[in-house]
Amino acid sequence: MHYQTLAPFPPGFLWGASTSAYQVEGAWNEDGKGPSVIDRAQFAPELSDFTVTSDHYHRFAGDIALFAELGLKTYRFSIAWSRLYPDGDGELNPQGVAFYQRLIDEIRRHGIEPLVTLYHFDLPWALQLQGGWSNPRTIAAFERFARTAFELFGDRVNFWLTINEQNMMILKGDVIGTLPPGTPDPQKTLYQQNHHMMLAQARAMIACHELLPSAKIGPAPNISCVYPASSRPEDVIAANNYSSIRNWLYLDLACHGRYNALAWRFMAEKGYLPSITAQDLDLLAQGRPDFIAFNYYASTTVAADAPRENAAAQRAREIEDQQLPGMDSAVYIGADNPHLEHNQFGWYIDPVGLRVTCREIYERYHLPLIVTENGLGAFDKLTAGNKIHDDDRIRYLSDHIRQLQLAITDGVALFGYCPWSAIDLVSTHQGISKRYGFVYVNRDEHDLKDLARHRKKSFFWYQRLIKANGQRLETDIEY
Ligand code: BGP
């Protein structure tokens, strides 16, 4: 649809930016923090580990001052579960509590609204040793952790997110999930874990409404529209299949408290069905989100059966990369999209897909939306005078924000946008050289240098855009 005039971003729109605890904090074993699955995982030796990352734990005051200068209305960050409960479910760690008290106070002092993710990939290792999400006891541990966070910080936090990208943890269980290597019947195990996470999420949403009646809480999956590789009806069915398996399974459970019919048939056909009880279904029905947060990097394209070149090499990449669809030859097969460009890491760039995704989610669930991740990973270079000319990032963000304005004009109730990431941090599986931030952190994969912070060109561009409540989309800016 083409419009004569576009609706403006609503007043009070939450312009923000995001991080997650394990990717930005560092201090992995300080002040009583327990290890998480991330601290026990094996990463490629040429890439940075997660022990120091951006050292935000020690430098948060300076970082928050920079976010205030950037003009953020909201800052999305996560609480490291094992900083509050080193064993996941035992004694509360007072130093962990004190850190998040200080962090939240600092954020509020600058007039920024905290947007808190309860769980972003970093399950406490002690829980993993007892079976992690395969063990139903983890559900109660998560509820306890969530209740503690609501009780401790609920007087200053109005917006909560339950679980980051639960769908990616299930779909990419080998890379960012909680599947111990060598697990027999991995897919069935993952769908049982998924069911347990859904119950944990429902309990957290119920607890939030009970303890903090004026706060708002929502899920934070990675949702992307799925295109058929062609107008062949079989390809459309494949796209439909993948959309249910990748997207709607997770949001139907979170919002309607029921399993998506097609995804259920898929699990039944493959022998992946989780065991569930009647009480589970009651609980799922009671847990209701107030809004939907979602992460979007690019659209996905699938075909019914198109053979692809280099299938084996492609398969290896798909296992490693959360943004690629993968394949299940009877259901969908990841396909190329000749209409889209790639970034330096092979991820597609599709701003229009963000508008499509907003429309699809809003039409299905009629809940307010906030984008909690979107951004360009790039090999940014520090140049003379500590300048970082990240023009590609500016273009990427501008193009996506333009599509958001179109989505708002389409009638979508969007209340915020938080690009990934507020500051450079360590990528899930591609090191610190894959940078996303508005603020550059001076370090390499293994050389920590001085960890100094430098404002990138995109910092000034986003600052101007926020000041104009989204009306300054032009990409040129003096730097
Ligand atoms: C999402 C995660 C983030 C983040 C982002 C970018 O899947 O929620 O934690 O890292 O993707 O991905 P990557 O770091 O792999 O480039």
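The values are calculated or read from the model by the stated rules, or taken from the named source; none is laboratory data. The shown structure was predicted, so the numbers you read here are calculated from the model rather than taken from an experiment. We place every Cβ from the backbone using ideal geometry, glycine too, and count neighbours over all the protein chains shown. Note: accessible area is taken over every heavy atom of the protein model, side chains too, but ligands, DNA and RNA are not part of it. Shrake-Rupley method; radii C 1.70, N 1.55, O 1.52, S 1.80 Å.
Brief remarks on what is shown
- Enumeration of residues in the range 335-355 that are within 16 Å of the ligand (Cβ to nearest atom), open to solvent by less than 40 Å² (accessible area, probe 1.4 Å) and in a loop (DSSP other than H, G, I, E, B): Asn343, Phe345, Gly346, Trp347, Asp350
- Selection of first residues in the range 143-164 that are within 26 Å of Thr428 (Cα to Cα) and of second residues that are part of a loop (DSSP other than H, G, I, E, B) and open to solvent by less than 20 Å² (accessible area, probe 1.4 Å), restricted to Cβ pairs under 7 Å at least 6 apart or on distinct chains, gives the following pairs, ordered by first then second residue: Phe145/Tyr85; Ala149/Ile79; Trp160/Ala215; Asn164/Ser20; Asn164/His120; Asn164/Phe121.
- None of Gly470, Gly411 is within 24 Å of Tyr362 (Cβ to Cβ), open to solvent by 10 Å² or more (accessible area, probe 1.4 Å) and touching a residue at least 12 places away in the same chain (Cβ under 8 Å) except Gly411.
- Counting only residues that are part of a helix (DSSP H, G or I) and either within 20 Å of Val116 (Cβ to Cβ) or in contact (Cβ under 8 Å) with a residue 24 or more places away in the chain (or both), the range 207-242 holds 12 of them.
- Within the range 66-82, residues that are farther than 14 Å from Glu106 by Cβ and basic (Lys, Arg) sit with their Cβ atoms under 9 Å from residues that are modelled with pLDDT of 95 or more and part of a helix (DSSP H, G or I), at 6+ positions apart or across chains, in these pairs: Lys73/Ile466.
- Test: residue in the range 434-441 that is of a type in the set (Lys, Arg), open to solvent by 40 Å² or more (accessible area, probe 1.4 Å) and at pLDDT 95 or above: no
- Matching entry among Val52, Val97 (being in contact (Cβ under 8 Å) with a residue 40 or more places away in the chain, more than 22 Å from Met205 (Cα to Cα) and open to solvent by 10 Å² or more (accessible area, probe 1.4 Å)): Val52
Here is a yes/no grid of residues against (1) within 22 Å of Trp160 (Cβ to Cβ); (2) free of Cβ contacts under 8 Å to residues at least 60 places away in the same chain; (3) within 15 Å of the ligand (Cβ to nearest atom):
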position: His366; (1), (2), (3): yes, yes, no
position: Val371; (1), (2), (3): yes, no, yes
position: Ala378; (1), (2), (3): no, yes, yes
position: Asn386; (1), (2), (3): no, no, no
position: Gln403; (1), (2), (3): no, yes, no
position: Tyr417; (1), (2), (3): yes, no, no
